[in-house]
Amino acid sequence: MGRSATSLFFFLLLLVSCAVLAASEYILNGELELSLVVKKKHKHSGFSAAECPGACQYRCSKTSYKKPCLFFCQKCCFKCRCVPPGTYAHKEVCPCYNNWKTKSGSPKCP
C-alpha cells in the first residue's frame with residue numbers, strides 16, 4: 001500500500017508539473033492576451049516578408065492589371081508589413097499602406 005500511494009503521489013506531481021509548464025509556455029509565448037492591457041492587432045498586419053506575396057495575390061485577384069498591382073502591393077507590404085483585407089478598399093485598416101503616396105499625390109498602394 002505504501003509503494004502504490006507513493007507512485008500515485010509522484011504520478012500526480014508529474015502531471016501537475018507538466019500542466020504548469022504548459023501553462024507557462026502558453027503565457028510566455030504571448031498567446032494569452034489580456035484585452036484591457038494588450039491591444040490586439042487585426043489579422044492583416046504584422047506580416048513577415050514571406051507572407052506578403054500570398055496576401056497580395058489575394059488582394060490583386062480581381063483586378064485586370066495583375067502585374068502592376070502585385071508589384072506595388074508587395075512593395076507596400078514589405079515596407080508597411082500590412083495588406084488591407086479584401087480585394088478593394090478597406091485601406092483605413094493599414095495607415096502606412098493608405099498614406100503612402102506617389103510624387104503626384106495619388107495612392108501608391110493598391
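How high is the relative contact order of region 45-110? Use alpha-carbon pairs under 8 Å, at least six apart in sequence, and give a whole percent.
Working: 88 pairs, mean separation 20.8, N = 66.
Relative contact order, region 45-110: 32 percent.
Expressed in nm to one decimal, what extension gain is obtained for the pair K62 and F11 from 0.36 nm per residue of sequence separation less their Cα-Cα distance?
That works out to 12.5 nm of additional length.
None of the figures in this text is laboratory data; all of them are computed from the coordinates on show. Here the structure is a predicted model, which is why all the values come from computation and not from measurement.
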